[in-house]
Amino acid sequence: MPPSNVFSPTTAPAAAGADAANANANADWQQRSRRHVWHPCTQSIRLDVAPPLPIARGEGVWLTDHEGRRYLDATSSWWVNLFGHAHPAINAALKAQLDTLPHVMLAGCTHAPAVELAERLAVLTGHALGHCFYASDGASAVEIALKMSFHAWRNAGRAGKRRFVALRGGYHGETLGALHVTDVPVFRDAYAPLLASAHLVASPDARAARPGEDAAAVANRAADELEALLAAQHDSIAAVIVEPLVQCATGMAMHDPAYLRRLRALCDCFGVHLIADEIAVGCGRTGTFFACEQAGIWPDFLCLSKGISGGYLPLALVMTREAIYQGFVDDDAARSFLHSHSYTGNALACRAALATLDLFEQEDALSRNQDRAARLLARLREGLAGQPIDHLRQRGMITAFDVREPGARFAERFHLAARDHGLLMRPIGATVYLMPPYAIADGEIDQLVDGTLATLKTVTTASGATADEGARDAALA
C-alpha cells in the first residue's frame with residue numbers, strides 16, 4: 001500500500017467522476033446518523049454545528065468521505081489504528097480466519113488464535129507476565145484487573161485489602177468499576193453517587209515542574225505523596241493503577257519513567273499490586289512495545305486493548321504473574337475467577353492481533369517509528385516557534401502541545417477547522433495532540449504538520465490569541 005504524498009483535503013481522484021446524485025451524500029448520512037445513532041463522547045445538541053464526518057472508506061493513514069474528500073487520520077481513530085486502514089496483511093489474515101473459525105466460546109473450548117496470541121505476548125514480557133484473560137474493550141480489562149486484584153488478596157486471606165489508588169487526572173474507562181478509578185470530571189461527576197471511592201494521589205505530570213525541577217524531580221515528588229499514603233493505609237489497599245508514561249485523556253500528561261520505578265518499589269515494599277493500564281500507551285505508542293519497558297519494570301497486572309488488534313476489532317486482555325494465577329487454582333469455585341464475556345477471546349480479533357504482531361517484526365516498526373517521531377517533532381518545533389502554545393512534548397508516537405487562552409469551545413472549533421485542512425483531529429480541552437498510524441510516510445508527516453499549523457492559525461486568530469516568543473515551558477517528558 002504505497003503512501004500518498006499529495007495533500008488532498010478536498011476530492012480524491014477516484015471521486016472525480018462522481019455524478020450530481022452523490023453531491024449531498026454526506027449530508028444524507030449525517031441526517032440519518034443523527035436520527036438513529038447515539039454518538040459517544042458527544043453532546044447531541046452540538047450535532048447541528050459539528051455533524052459527524054461520514055466516512056466511506058479508509059486506506060493507509062487516509063479516510064475518505066462519501067463525496068471523495070480525504071482526511072488524514074491524525075488520531076488513529078481514537079488511538080486504535082497502528083499500521084493504517086485496510087492493511088492488506090491484516091485483511092488477508094482475517095479473511096482466512098473467517099473461512100475457518102469466526103468465533104467459539106472460550107469457556108470449555110480453546111482455539112489457536114487465542115493460544116498463540118497469549119504465548120507471543122508472554123514472550124514479549126520475557127515471561128514475567130502470562131495467562132491472558134480476554135475481554136472486549138479497555139474498560140472491561142480494567143474491571144477485570146481490579147476484580148482480580150481484590151480477589152487475589154481475598155484468596156490469600158487478606159479480604160480487607162479492597163481499596164484502590166489512582167492518579168489525579170487519570171482515565172481508565174467509563175463502566176462503573178473503571179470509572180471509580182478515573183479522575184476526569186466530565187466523565188465521572190454525574191455518576192459519583194454510584195461509585196466506590198478511590199484514593200487519589202498526585203500526578204507526575206512533568207508540566208507541574210516548579211522552578212529548577214526537571215521531569216524526574218516532579219516524578220519523585222509525586223511518588224513521595226504515594227509513599228506516605230501506602231505507609232499509612234497499605235493494609236486496606238489492594239492495588240495502585242497507573243497509565244504508564246502518558247495520561248492520555250486528561251490532555252496527554254507525560255511523566256518520567258522514574259515514577260514507574262518508584263511505584264514498583266513502593267508496591268513491593270508495602271505489599272500492594274501494581275496495575276498498568278497500557279490500553280492507550282501500549283503496542284508501541286510510547287516508543288517501546290510496552291510502556292513499562294522504559295522503566296525496566298513489570299506490573300502485577302497489565303491491561304491491553306485499542307491497538308492490540310491493529311484497529312480492526314474490539315479486543316482487550318489482562319496479563320498477570322504466575323503466582324497470582326496460581327492463587328485462583330482451587331477446587332472451591334468461590335476461589336476461582338469466574339468473570340466472563342460472551343465474545344471473550346474472539347478468534348477473528350485474536351487473529352487480527354497476531355497479524356499486527358507480525359507487522360511489528362516485518363516492518364521493524366519500533367525502530368522506524370523513532371525516525372517518524374523525530375521528523376514530526378522537529379517540524380512542529382520549527383513551525384510552532386512564536387505561537388501561543390506551551391509544553392510541546394513527545395513520547396514515542398504521541399506528540400502534544402497546549403494552546404494558551406484557547407477561548408470557548410476550542411476543541412470543537414479546532415476539530416471543524418482541521419477538517420477544512422484535510423485532517424481528522426480531536427483536541428482534549430486546550431491540548432492539541434498528534435497520534436497518527438505508524439504507516440505514515442515522510443510526506444504525510446509534513447502534510448500533518450502543515451495542516452495542524454494552518455488550523456492553529458485559523459482558530460487562534462479567530463479567538464484573539466496572540467503569539468509570544470516567550471512561550472511558557474517546563475520539564476517535559
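Structure above, values below:
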item	result
Point-charge dipole on Cβ atoms (K/R +1, D/E -1) for the chain, about Cα centre, debye to 20	700 debye
Karplus-derived HN-Hα couplings along the range 101-109 (A = 6.51, B = -1.76, C = 1.60, θ = phi - 60°), whole Hz, x at Gly and Pro	7, x, 6, 8, 4, 9, 8, x, 10
Listed candidates [x] 56, 31, 18; [y] 36, 29, 21; [z] 35, 25, 24 - label of the one calculated as semi-axes √(5λ) of the Cα gyration tensor in Å	[y]
Cα→Cβ-extended label distance, 7 Å offset, between A27 and A232, nm	6.2 nm
CD proxy at 222 nm, helix term only [per DSSP H run n ≥ 4: -39500 (n - 2.57); per residue of the chain; nearest 500]	-11500 deg cm²/dmol
Beta bridges by DSSP in the chain, antiparallel share as percent, to the nearest 5	65 percent
Lys/Arg +1, Asp/Glu -1 at C-beta; the chain dipole; positive extreme among V80, T460, A92	T460
Extension gain from A192 to V329, taking 0.36 nm per residue of separation minus the Cα-Cα distance	45.8 nm
Percent accessible area from carbon and sulfur atoms, the range 31-141, protein chains only, probe 1.4 Å	58 percent
Cβ-derived FRET efficiency at R0 51 Å, A441 paired with L200, nearest 0.05	0.75
Residue list for the range 110-135, given a label point 7 angstrom along the Cα-to-Cβ vector of E322 and an amide N cut-off under 20 Å	115-133
Karplus (6.51, -1.76, 1.60) ³J(HN,Hα), θ = phi - 60°, over the range 185-192, in Hz, Gly and Pro reported as x	x, 4, 8, 9, 4, 4, 10, 3
Distant-in-sequence amide H partners of G311 (H built 1.01 Å from N, under 5 Å)	L82
Three-way shape label, the range 295-429, alpha-carbon gyration tensor, a/c 1.5	prolate
Extended-chain gain in nm, criterion 0.36 nm per residue less alpha-carbon gap, C41 and A265	77.0 nm
Point-to-point label distance, D214-Q362, nm (Cα→Cβ direction, 7 Å offset)	4.1 nm
Sites K95 and D450 - FRET efficiency at Förster radius 35 Å, r taken between beta-carbons, to 0.05	0.45
Placed amide H near L423: partners under 5 Å, 5+ positions off or other chain	L72
Extension gain (nm, one decimal) between T288 and V115, 0.36 nm per residue minus Cα-Cα	59.9 nm
Cβ-derived FRET efficiency at R0 30 Å, A50 paired with E382, nearest 0.05	0.45
Qualifying GluC sites (Glu not before Pro) for the range 322-363 [loop in DSSP, other Cβ within 10 Å: at most 15]	E363
Heavy-atom accessible surface of the range 211-359: percent carbon and sulfur, 1.4 Å	52 percent
The chain - accessible surface per residue (Å², probe 1.4 Å)	42 Å²
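The values are calculated or read from the model by the stated rules, or taken from the named source; none is laboratory data. Just so it is clear, the structure is predicted and the values come from calculations on it, not from any experiment. Here the Cβ is made from the backbone with ideal geometry for all residues, glycine too, and neighbour counts use every protein chain on show. Surface areas here come from the heavy atoms of the whole protein model, side chains and all, with no ligands, DNA or RNA. Shrake-Rupley method; radii C 1.70, N 1.55, O 1.52, S 1.80 Å.
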